[in-house]
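Below is one structure, written out as structure tokens; the observations come after it.
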Amino acid sequence: MATYAVGDIQGCYDEFRRLLDHMEIDPARDKIWSVGDLVNRGPGSLQVLRWFKALGKQAVVVLGNHDLHLLALAAGNRKLAHKSHTLHEVLAAPDRDELLHWLRHRPLLHVSDHKRFAMIHAGLPPQWDLTQARACAAELEVELRGPDHEDFLLAMYGDQPDRWSEGLRGIERLRFITNCFTRLRYCTADGRLLLHEKSMPGTQPDDALPWFKVPGRASRETRIVFGHWSTLGYVAEHNVWGLDTGCVWGGRMTAVSIRRKRPIKVFDIDCPGHQTPG
């Protein structure tokens with residue numbers, strides 16, 4: 001049995017299935033990890049959700065910002081009403097409630113002690129080691145899976161607070177945790193989140209560092225696969241592997257083999273694109 005992690009799919013179902021064929025994966029035998037953002041922008045979000053849900057324990061999916069966007073829409077978050085999306089088919093599906101329940105119970109962080117790998121969607125602040133990240137992910141998962149999850153989904157959006165403190169409480173604590181796991185790209189050397197910075201490295205402000213390049217970050221000994229950052233593209237450095245190569249924008253879809261020891265094998269395919277970049 002092999003394990004593979006795939007980058008952001010974002011509703012690009014046909015391309016995803018083409019990548020699986022290219023990799024010669026047997027879903028009945030091999031494990032598929034997804035770095036999140038199963039849905040939105042591409043035309044096949046409903047098919048992607050059904051495929052992963054049907055795979056059962058052979059699939060591991062962490063939540064991304066577009067997955068939370070879907071859950072917030074379903075919860076009635078009116079702040080999202082003006083934003084374009086391609087999720088109408090999911091919201092109108094006869095199995096909508098089952099799919100949303102399944103999605104809401106996906107983790108924010110997956111750790112395989114056997115493979116010696118962790119998986120997240122976006123990033124970790126430099127103050128968090130793996131133990132702290134696990135604890136924070138568990139806090140948010142309890143909220144998303146609990147009876148008051150709709151209240152959280154209506155209040156989760158916002159850029160503040162932008163610094164970690166163990167003293168954070170309530171929605172501010174949960175919002176910071178959410179932003180790290182699902183939105184983070186850049187931060188300052190002292191760990192202030194710069195959530196509006198989305199550019200490729202080399203074009204950012206002087207004080208902005210990719211989260212994985214912050215000197216002395218506490219998670220540097222943990223091997224991590226992540227997505228979320230299409231302008232970054234594939235990256236393999238500083239003990240992290242970035243897998244979002246912009247399929248939905250006409251880039252590529254990328255997967256890697258998850259192995260206890262290196263080398264890691266990379267698979268990718270060209271994508272025709274469903275959205276215009278920017």
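Rounded to the nearest 500, what is the 222 nm mean residue ellipticity of the chain from helices alone, with -39500 (n - 2.57) per DSSP H run of 4+ residues and division by all residues?
Calculated at 222 nm, the ellipticity per residue is -8500 deg cm²/dmol.
Let me check I've understood the local charge: for Leu174, count other residues with C-beta under 10 angstrom from its C-beta, Lys and Arg +1, Asp and Glu -1. What total comes out?
For residues surrounding Leu174, the net value is 0.
With a ≥ b ≥ c taken as the square roots of the eigenvalues of the C-alpha gyration tensor of region 129-268, please select rounded if a/c is under 1.5 and otherwise prolate if a/b is larger than b/c or oblate if it is not?
Because a/c hits 1.5 or more and a/b exceeds b/c, region 129-268 counts as prolate.
Taking the dipole about the Cα centre of region 3-270, with the C-beta of Lys and Arg at +1 and of Asp and Glu at -1, give me whichever of Ala208, Val266, Leu63 is farthest to the positive side.
Value computed over the given set: Val266.
Please give the peptides 112-120, 184-192 ranked by average Cβ packing (other Cβ atoms within 10 Å per residue), highest first, as a rough proxy for protection.
184-192, 112-120
Using every pair of alpha-carbon atoms in region 55-212, split the distances into 5 Å bins beginning at 0 and state the percent of pairs per bin, rounded to integers.
1, 8, 17, 20, 20, 16, 11, 5, 1, 0
Evaluate the charge dipole of the chain about its Cα centre and quote only its size in Debye, nearest 20, assuming +1 on the Cβ of each Lys and Arg and -1 on the Cβ of each Asp and Glu.
580
Could I have the simple spin-label model distance between Gln275 and Glu98, label points 7 Å from Cα toward Cβ, reported in nm to one decimal?
Between Gln275 and Glu98, the label points sit 2.9 nm apart.
Among the lysines, select those whose C-alpha is under 22 Å from the C-alpha of Lys265, and discard any that sit fewer than 8 residues away in the same chain.
Within reach: Lys31, Lys115.
Calculate the translational D of region 3-270 in whole µm² s⁻¹ from Stokes-Einstein, where the hydrodynamic radius comes from the Kirkwood formula applied to all Cα pairs, the temperature is 20 °C and the viscosity 1.002 mPa s.
Estimated via Stokes-Einstein, D reaches 116 µm²/s.
A short reminder: the numbers here are calculations on the coordinates, not readings from a lab. The structure presented is a predicted model; accordingly, all values stated were derived computationally and were not measured. Ideal geometry is used to build each Cβ from the backbone, glycine not excepted, and the neighbour counts take in all protein chains shown.
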